[in-house]
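Peer 1: Mind looking over this structure? Questions follow.
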Amino acid sequence: MKVVPVWAGALAGLVSGAVALGVAQLVAGFIKPETSPVIAVGDSAIDLTPAPVKEFAINTFGAYDKTALLGGMLLVIALIAAGIGVLARQRVLYGQLGLAAFGVVGVVAVLTRPGAALVDVVPTVVGVAVGIWALGWLMKRAVALRPGAAVASGAEDVHDQQTLEVERPAVMRAGDDLYAFDRRRLLTGVATGIVVAGAGTVVGHVLGGRKAVDLARGSLALPRSTPRPLAAGTDFHINGLSSFITKNRDFYRVDTALIVPQVNPKAWKLRIHGMVDRPIELTFDDLLKRPLTEADVTLTCVSNEVGGQYAGNARWLGVRMADVLREAGLQSGADMLLSTSDDGFTAGTPVDVVMDGRDALFAFSMNGEVLPTEHGFPVRQVVPGLYGYVSATKWVVDIKVTRFDKDQAYWTPRGWSAKGPIKTESRIDVPASGGSVKAGRAVIAGVAWAQHTGIAAVEVRVDRGPWQQARLAQVPGPDTWRQWMLDWDATPGQHTIQVRATDAAGRTQTEQEAPPAPDGATGWHTITVNVA
Ligand SMILES: Nc1nc2c(c(=O)[nH]1)N[C@H]1C(S)=C(S)[C@@H](COP(=O)(O)O)O[C@H]1N2
Ligand SMILES: [Mo]
């Protein structure tokens, strides 16, 4: 084995250690995140660290003290693993014993955590077992029989290092010169190991994070809101017509997150800073203790095409953004709230809109349920009247009070308007576009929205005939969409149906067609149906 250079032994040890940790993380992700040996050893290290050292770490690294600890730990582990690999050059078994000793430390750490159970050692044991196997496999790949030496020994045996070391016949012991270092095979093995270690770590982390947040979501008791029944007459209950309230599971979802951010409410904080007199940091508990507001608000995405489905209406419960901002003390000249989500997305919301008395909320509940993770748990913004990309930051963690001429939010340099008031829109839900209808009495119905102004009228025309006034459902206020319907005597043949809405300020939707970019689509929703 001495034919294996020191660097190669160290590399094999390093990768075996990484595989052990990656596999352990993966298994822990499935079972219980806290049972990952890295976390357990880290927690133990924190507990065992003398107070002065801890204070030094916190003073030196600030909020990054945990990251620094983890980094330091991984560095030490890496050095030991490399050493184990160098040892394995003497004899693979020595290296494997070294890994096993490592495992023992991990097992002890896991078992001494408060509330530990015996099964908690499973991730460590499985991880170390796979690591031990990986080391043997890598060391085997690192040596090959020299060309021409095959006659003497039998090519099959050569790659079985463990028996090779112990049972090698005397004639072969004569020298390692029978064997050569096989760099290429070792490196392909190393690459495989890195992939396994990386995938295990990432997948385990995601699974574990999700589990912890699901648990937190499930056990959260929402503060009671002043129960407010749904205003009567908001829903015509027509088949195929969007219900007034969109169920959480049917609510459209738009965000830039590949993996839904998992934010634990226990660790969540909202920082408000920038052009304020008193910067604020709120915890989730702080938020729940504040006066609450419940509001029915229709969210709309700027990417919604005329007639599209990127709109939904829900009852949100949360804290008024204006109350919190007033406490922080907005400085004059500030005109933008730059909110940042846990995953780095940003939105720029006009200060005057949030402060004008409307129900702009830091929301933590949606339709009476704890906010679903994909809709921003634990806290998201909801601002009536603005498209989501400039206002509805999910997983919100930071608000910088600033100016539009100083800062830009996520979508602005990507070709979307810096400000995004929602354009008045109406949509035909029934009959379905391109569908067929039985001749005779039929109904045309849909929804229309003009958030924070409200819908005053909806008109429908068939085959470009005269506009007819649709009947409007009730609404609790100006911030939701409004159902509309019209009885129709459907005659056989193909028909074109069009709709247009007028907002409470008397402005009728423009016929002018515009695409969603840069600030929202316009035009009249037009469908064709077949009547038979
Ligand atoms: N963190 C984060 N929040 C976000 C987004 C995002 O990409 N990331 N997208 C916004 C956009 S464009 C819209 S339309 C709404 C959609 O909210 P929903 O997914 O709950 O329907 O979220 C907004 N909030
Ligand atoms: Mo959006």
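Peer 1: For region 479-532, which positions are outside any strand (DSSP E or B) and of a type in the set (S, T, N, Q)?
Peer 2: THR480, THR491, GLN509, THR510, GLN512
Peer 1: Has region 347-358 got at least one residue that is at pLDDT 95 or above, surrounded by fewer than 20 Cβ atoms within 10 Å (Cβ to Cβ) and small (Gly, Ala, Ser)?
Peer 2: Checking region 347-358: at least one residue is at pLDDT 95 or above, surrounded by fewer than 20 Cβ atoms within 10 Å (Cβ to Cβ) and small (Gly, Ala, Ser).
Peer 1: Another one. Suppose we filter region 28-44 for residues that are assigned to a helix (DSSP H, G or I), touching a residue at least 12 places away in the same chain (Cβ under 8 Å) and open to solvent by 30 Å² or more (accessible area, probe 1.4 Å); how many remain?
Peer 2: Just the residues of region 28-44 that are assigned to a helix (DSSP H, G or I), to begin with: 28-31, 33-35, 37-44.
Filter once more, keeping what is touching a residue at least 12 places away in the same chain (Cβ under 8 Å): 28-31, 33-35, 37-38, 40-44.
Okay, now just the ones that are also open to solvent by 30 Å² or more (accessible area, probe 1.4 Å), so 30-31, 33-34, 41, 43.
Matching residues across region 28-44 total 6.
Peer 1: Still on this structure, I have one more. Just name the residue that is nearest to ligand 2 (Cβ to nearest atom) out of those in region 233-288 that are without any contact (Cβ under 8 Å) to a residue 12 or more places away in the chain and within 20 Å of PHE362 (Cβ to Cβ).
Peer 2: The extreme case among them is ALA267.
Peer 1: So which residues in region 444-474 are open to solvent by less than 40 Å² (accessible area, probe 1.4 Å) and touching a residue at least 60 places away in the same chain (Cβ under 8 Å)?
Peer 2: Correct list: ALA445, GLY446, VAL447, TRP449, GLN451, ALA473.
Peer 1: Residues that are modelled with pLDDT of 85 or more and open to solvent by 40 Å² or more (accessible area, probe 1.4 Å): does region 210-229 have at least one?
Peer 2: Scanning region 210-229 turns up at least one residue that is modelled with pLDDT of 85 or more and open to solvent by 40 Å² or more (accessible area, probe 1.4 Å).
Peer 1: Can you report the number of residues in region 360-409 which are crowded, with 19+ Cβ neighbours inside 10 Å and within 16 Å of ligand 2 (Cβ to nearest atom)?
Peer 2: 20
Peer 1: A further question on this structure: Return the residue satisfying two criteria in turn: it lies in region 309-326 and is within 17 Å of SER365 (Cβ to Cβ) and of a type in the set (Lys, Arg), and of such residues it is farthest from ligand 1 (Cβ to nearest atom).
Peer 2: Going through the qualifying residues, I end up with ARG320.
Peer 1: Do we find a residue being more than 14 Å from ligand 1 (Cβ to nearest atom), open to solvent by 20 Å² or more (accessible area, probe 1.4 Å), closer than 23 Å to LYS266 by Cβ and in contact (Cβ under 8 Å) with a residue 40 or more places away in the chain anywhere in region 333-346?
Peer 2: No; the residues of region 333-346 include none that is more than 14 Å from ligand 1 (Cβ to nearest atom), open to solvent by 20 Å² or more (accessible area, probe 1.4 Å), closer than 23 Å to LYS266 by Cβ and in contact (Cβ under 8 Å) with a residue 40 or more places away in the chain.
Peer 1: Shifting gears a bit: Which one is nearest to TRP7 (Cα to Cα) among residues in region 89-107 that are without any contact (Cβ under 8 Å) to a residue 40 or more places away in the chain and open to solvent by 80 Å² or more (accessible area, probe 1.4 Å)?
Peer 2: Among those residues, the one meeting the criterion is TYR94.
Peer 1: Hey, among PHE377, PHE362, PHE404, which residue is in a strand (DSSP E or B), aromatic (Phe, Trp, Tyr) and touching a residue at least 40 places away in the same chain (Cβ under 8 Å)?
Peer 2: After ruling out the rest, the residue left standing is PHE362.
Peer 1: Next up: Kindly indicate the residue of region 293-332 that is of a type in the set (D, E, K, R) and in contact (Cβ under 8 Å) with a residue 60 or more places away in the chain and also farthest from ligand 2 (Cβ to nearest atom) among those meeting that condition.
Peer 2: Once the filter is applied, the top-ranked residue is GLU294.
The values are calculated or read from the model by the stated rules, or taken from the named source; none is laboratory data. Computed from a prediction, not measured in an experiment: that's the story for all the values here. Here the Cβ is made from the backbone with ideal geometry for all residues, glycine too, and neighbour counts use every protein chain on show. Accessible surface is based on the protein model in full, side chains and every heavy atom, while ligands, DNA and RNA are left aside. Shrake-Rupley method; radii C 1.70, N 1.55, O 1.52, S 1.80 Å.
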